[in-house]
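Let me begin by presenting the structure, written as structure tokens, before commenting on it.
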Amino acid sequence: MEPFHFQQDATVPHFSLTRWEREFPHLIAGMSARDRESVQQTNLWNYAFQVGGMPDQTVQNRKRLTQELGISFSSWTCGSQVHGTVIREVCREGRGRGSYSGDTAFSDTDGLLTREEDVLLTSFYADCVPLLFYSPDSGWIGVAHAGWRGTVGGIGPQMVEEMVIRGANRRQIQVAVAPSIGSCCYEVDKQVVSPLIKVLPNADERVLKPSGPGKWMLDLREANKQLLLQVGLLENRIAVTGLCTSCHPELFHSHRRDQGKTGRMVAFIGKRKG
């Protein structure tokens with residue numbers, strides 16, 4: 001069953017992680033989308049400052065989304081992503097960093113976690129894999145940006161370890177793997193495959209399928225799932241989407257499909273005030 005559900009009647013197009021939100025009503029979790037009107041307009045439903053060249057429009061998009069989600073814009077918190085594996089904890093004083101300007105975001109950061117309420121952790125995507133984390137026993141939430149470099153670097157397992165050292169029960173941690181480019185559209189070469197098989201030496205065709213001489217179709221979502229299983233997460237606590245960002249121009253920005261001329265979605269997770 002698809003864990004991410006498009007909100008058909010929403011003013012701002014987005015997907016919600018409805019299973020989590022039903023089980024844990026204090027949670028807000030999901031990913032933004034676009035609509036057919038925005039296919040030819042990069043800045044409409046773009047959420048990242050590094051593309052588009054219209055920061056005021058980006059702030060307006062963010063404000064509209066938080067209003068739709070029922071959380072204050074002052075809670076919006078993000079990092080400056082570099083396809084790395086640095087994870088930072090967001091304490092109360094870090095709330096709101098990066099909301100109005102990329103200059104105030106957590107620098108060189110691809111993962112955020114917090115136990116604070118009224119903090120919306122956000123991260124930006126146009127094909128890479130968004131990972132959302134929740135530890136119901138300890139209250140920690142997290143978001144991680146996993147392109148192929150972040151995947152090989154182990155940002156998903158590192159987030160798990162960051163939560164565990166802060167008191168989370170590894171066997172209780174839940175992860176949602178949000179929409180990203182699928183193996184149907186993501187062809188890679190040895191530059192990607194060689195480091196990947198070092199961390200997943202037993203990768204089978206669920207992860208990699210040969211597509212030609214020196215070429216493979218890569219399922220980054222499955223790769224992240226396998227890496228999370230390696231560090232002790234339970235398979236029934238990992239929810240993986242079937243939605244490919246490249247296949248659905250009416251719903252998603254896609255860097256590969258649109259040859260870099262595209263906006264960014266935002267994946268988000270937060271806790272409402274008790």
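The values are calculated or read from the model by the stated rules, or taken from the named source; none is laboratory data. Keep in mind that what you see is a predicted model, and the values were worked out from it rather than measured. Because the Cβ atoms are built from the backbone with ideal geometry, glycine has one as well, and the counts that use them run over all protein chains shown. The accessibility values were calculated without ligands, DNA or RNA, using every heavy atom of the protein model including side chains. Shrake-Rupley method; radii C 1.70, N 1.55, O 1.52, S 1.80 Å.
Quick notes on this one:
- Taking P157, P210, P55 in turn, the Gaussian network model of the chain (Cα-Cα springs below 10 Å) assigns the largest fluctuation to P210.
- Residue-level accessible surface for T104, protein heavy atoms, 1.4 Å, Å²: 70
- Across the chain, Cα-Cα distances exceeding 34 Å account for 12% of all pairs.
- Its alpha carbons considered, the range 143-184 gives a radius of gyration followed by a Dmax of 11.8, 38 Å.
- The range 1-131 - Rg over Rh from alpha carbon coordinates, Kirkwood radius: 0.94
- Between K215 and Q230, the modelled labels are 2.7 nm apart [label points 7 Å from Cα along Cα→Cβ].
- Structure remark: mean-square fluctuation, Gaussian network model of the chain, C-alpha springs under 10 Å; the largest value among M54, M31, M163 belongs to M54.
- Value of relative contact order over the chain, rounded to a whole percent, pairs C-alpha under 8 Å and six or more apart: 24
- Kirkwood analysis of the range 97-164, using all unique Cα-Cα pairs, places the hydrodynamic radius at 12.7 Å.
- Nearby aspartates and glutamates by direct alpha-carbon distance to K215 (threshold 14 angstrom, same-chain neighbours under 8 apart not counted): E187, D189, E205
- Residues of the range 198-274: accessible area per residue with a 1.4 Å probe, Å²: 48
- Normalised by the number of residues in the range 1-94, the average gap of Cα pairs under 8 Å and 6 or more apart makes the relative contact order 16 percent.
- The chain: most fluctuating residue of N46, N169, N236 per GNM, C-alpha cutoff 10 Å: N236
- Helical contribution to [θ] at 222 nm, DSSP H n ≥ 4, -39,500 (n - 2.57), averaged over the chain, rounded to 500: -6500 deg cm²/dmol
- One chain, two ends: D137 and M1. Fully extended at 0.36 nm per residue, the span grows by 46.5 nm beyond their Cα-Cα distance.
- Mean sequence separation of contacting Cα pairs (under 8 Å, at least six apart), scaled by the length of the range 42-180, corresponds to a relative contact order of 21 percent.
- Listed by chain and number, the lysines placed with their C-alpha closer than 21 angstrom to that of K209 are K190, K198, K225; residues fewer than eight positions away on the same chain are left out.
- Computed over the range 185-261, the quotient of the alpha carbon radius of gyration and 2.2 N^0.38 Å is 1.22.
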